[in-house]
Amino acid sequence: MLQLVLGGHVRPPPRQSDKVQDLHLAGRFAARQRTSQRGRLAGIGLAPLVRIQSVMKNDQGPLSPSLETLIEHRRHKRSSWKHLRTTRLLVILSSPLIYACVLPFLLVDASVELYQLVCFPIYGIPGVRRKDYLVFDRGRLAYLNTIEKVGCIYCSYVNGLLAMITEIAARTEQYFCPIKHAGRMAQTHSRYGKFLPYGDARAYREQSDAIAQAFDDLSSRVK
């Protein structure tokens, strides 16, 4: 074994147990540093961010930002009161009209969901999954105040609901009337590419039944 010569004295190399003890002490020191850092952050009002980061430490992706990112988000947060003071009065006065629409949206949501729940199994159409369209993740952003979070949640629901209804209607149209329009459309739904040409009577009589059941491309996404 190699020996170390220091100051004229011969000393054996450090034992393995000494190395383990050094690593243990280093780990304890790092843990104390992290605890001290969290204590300082809590003292300046960032305790909620510390708890969020601790809960999501094992997650991956944009839903689990680092503690530094959370602090940066908190710095850019504007209070609800300041948000109201900097918003035009007409915008504030028109807000009740926007949120009053939630009632008909809820009614349409229940009606369409009941329709696909009852009828799609009869027609052999794969159901549309809500979780593919109704996504509520923006409410977790630390730089949004309460008013902004409520607005984002509402917009997520309404736009996601309309997108889901469009898909339900698209699959229904494929089953009952898979014919393309004669004129150009600004935007078409996801099933339109399978439709038959406008005015092709023979193709409609020969292929419409097959197209009405052509949902194999969705089978891998439906549980």
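Where a number appears in this text, it was derived from the coordinates with a stated rule and is not lab data. Please read these numbers as outputs of a predicted model, since none were measured by experiment. Cβ: placed from backbone, ideal geometry, glycine included. Neighbour counts: every protein chain shown.
What the table shows:
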| quantity | calculated |
| --- | --- |
| Anchor Lys194: aspartates and glutamates whose Cα lies under 20 Å away (excluding residues fewer than 8 positions away in-chain) | Glu167, Glu173, Glu206, Asp209, Asp216, Asp217 |
| Proximal aspartates and glutamates to Lys77, defined as alpha-carbon separation beneath 15 angstrom and excluding residues fewer than eight positions away on the same chain | Glu68, Glu148 |
| Formal net charge of residues neighbouring Ile168 (Cβ-Cβ distance under 13 Å; K, R +1; D, E -1) | -1 |
| Cα convex hull of region 82-223 - mean projected area over all directions, nm² | 11.8 nm² |
| Asp132 paired with Val150, simple spin-label distance in nm, labels 7 Å along Cα-to-beta-carbon | 3.3 nm |
| Summed side-chain charge close to His189 - residues other than His189 whose Cβ falls under 13 Å, Lys, Arg +1, Asp, Glu -1 | +2 |
| Given charges at Cβ of Lys, Arg, Asp, Glu: region 89-215 dipole, positive-most of His181, Leu89, Leu117 | His181 |
